[in-house]
Amino acid sequence: MRIFKKYLPLMIARYVKTFFKGRLYIQGRGGYQFEQGKLMMPMQADTLHKHTVQEINQTIANLNKQAA
């Protein structure tokens, strides 16, 4: 489990893409799980969680497009 002290979408996206499956915690935003290189929506997600998941998954998609 990795703990991010700041919300840096690009750094988090690279971590999720690299390790493919696991858990992480973003200080001020909460805990998240990721599988198959994508951040998963928490069971009891509020607006901040939804925005975070969407933004990081979009960043991962952009990284994948740049690599291709």
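Just the residues that are β-branched (V, I, T), within 16 Å of T59 (Cα to Cα) and at pLDDT 95 or above, please, taken from the stretch 1-25.
Taking the stretch 1-25 and keeping what is β-branched (V, I, T), we get 3, 12, 16, 18.
Add one more test, that the residue is within 16 Å of T59 (Cα to Cα), and what stays is 12, 16, 18.
If the condition is that a residue be β-branched (V, I, T), within 16 Å of T59 (Cα to Cα) and at pLDDT 95 or above, then I12, V16 are the ones that fit.
Which count do you get for residues in the stretch 18-57 that are in contact with a Leu (Cβ under 6 Å, 6 or more places away or on another chain) and either aliphatic (A, V, I, L, M) or part of a helix (DSSP H, G or I) (or both)?
Total meeting the criteria: 3.
Need pairs with beta-carbon distance below 9 Å; first residue at positive phi and free of Cβ contacts under 8 Å to residues at least 60 places away in the same chain and within the stretch 29-58, second among the aromatic types (F, W, Y) and not in a helix (DSSP H, G or I); sequence gap 6+ or separate chains.
Taking only residues 6 or more apart or on different chains, the pairs are Q36/F20; G37/F20.
The values are calculated or read from the model by the stated rules, or taken from the named source; none is laboratory data. What you see is a predicted model, and the numbers here were worked out from it, not measured in a lab. Ideal geometry is used to build each Cβ from the backbone, glycine not excepted, and the neighbour counts take in all protein chains shown.
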